[in-house]
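Have a look at the structure below before the remarks.
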Amino acid sequence: MGALAANIGRNQVQEWLGDLRVGGSSGTRLQFAGDCSQPCEIFCRGLPDKILVGLKLEPETQRVATLLTRCRKCAKCLRHRQQLWAARAVDEITVSGRTWFGTLTLSPEKALQLQYASELRKVRQGWQLAELADTDRFQAIREEASVEVTKWLKRVRKNSGATLRYLLVCEHHKSGMPHWHILLHERSGKVLKRKLEASWGYGFTHFRLVPPGDNNAAYYCAKYLGKSAEARLRASLQYGSPSMETIAEKVEHLLGELMFQTTKHDATSPTVKMTQQEMMIPNINSSIF
Ligand SMILES: [Zn+2]
């Protein structure tokens, strides 16, 4: 747990304390669920000493804890996600030279190509195509398409030489194909509209500059995050003010590290065991809420 301890400073842990409700006869319960109407319970066993001490828990007796986290699906969680990312986008627009607001879609040919590629990948992983639910299919296509978006971003950065930050919101179109709403912030250098649009090449694209002082694009982009739990986002590292990282995100970061270390270095005797809602713990690197 050495690397983990180094990542979690005492001040950071102290910062969480204000929002914690600790104690109760049934064991330690840590509340990180905010206003969620159906919080998820995560049972943790074997919390390391440093974290217990930081949370003012007794290492000898309180190594077992139940964490309540957001469900990410209820109306209140979606609303929270929308407001949080809108505020972050406003923050990025404010500190950036210019911001482009755009849409990326896939042509029918490219969509078909990505669908085949995603199905081929699933089959190679041992899936029967008939067994795949619609959500699995969409997720597979989105992952395939996400690679193309990454390549596009690389091309834009390379061709313009600009320093760029971004927020990408991926929506599920009725056709089963993903499309993206994007805020592209110029931190230094500039990108030309025709280069932005020409370098996509996989379908329709439209970009416009956000007028100075106009935050509507931020609200518009974030609106999709509040519409459906299926809408996914990708963003530059520490998008928005780092101080806006929520307590829940800090805890998830911490848990993500714990799980990573458990599986990577100590798979035979896990020190942290998730018995419920294990899949609710995201890898922080994915930037997926
Ligand atoms: Zn919820």
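Just wondering, is there one or more residues in region 199-213 that are within 14 Å of residue 81 (Cβ to Cβ) and assigned to a strand (DSSP E or B)?
Let us first name the residues in region 199-213 that are within 14 Å of residue 81 (Cβ to Cβ), namely none.
So far as region 199-213 goes, no, none of its residues is within 14 Å of residue 81 (Cβ to Cβ) and assigned to a strand (DSSP E or B).
Counting just the residues of region 67-91 that are of a type in the set (A, V, I, L, M) and in contact with a strand residue (DSSP E or B) (Cβ under 9 Å, 6 or more places away or on another chain), which one comes out surrounded by the fewest Cβ atoms within 10 Å (Cβ to Cβ)?
Here is the first cut: in region 67-91, the ones of a type in the set (A, V, I, L, M) are 67-68, 75, 78, 84, 86-87, 89-90.
Retained after the next criterion (residues that are in contact with a strand residue (DSSP E or B) (Cβ under 9 Å, 6 or more places away or on another chain)): 67-68, 89.
Details: 67: 26, 68: 18, 89: 27.
Out of the qualifying residues, it is 68.
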So which residues in region 96-144 are in contact with a strand residue (DSSP E or B) (Cβ under 8 Å, 6 or more places away or on another chain) and among the aliphatic types (A, V, I, L, M), if there are any at all? 104, 106, 141
Name every residue in region 92-109 that is surrounded by fewer than 17 Cβ atoms within 10 Å (Cβ to Cβ) and either among the hydrophobic types (A, V, I, L, M, F, W, C) or within 21 Å of the chain's Cα centre (by Cα) (or both), in order of residue number. 95, 103
Please go through region 71-92 and pick out each residue that is of a type in the set (D, E, K, R) and either more than 13 Å from the ligand (Cβ to nearest atom) or assigned to a helix (DSSP H, G or I) (or both). 76, 79, 81, 88, 91, 92
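Bear in mind that the values in this text are calculations on the coordinates, not laboratory data. Keep in mind it's a predicted model, so treat the numbers as computed, not measured. As a convention, Cβ positions derive from the backbone with ideal geometry for all residues, glycine included, and neighbour counts pool all protein chains shown.
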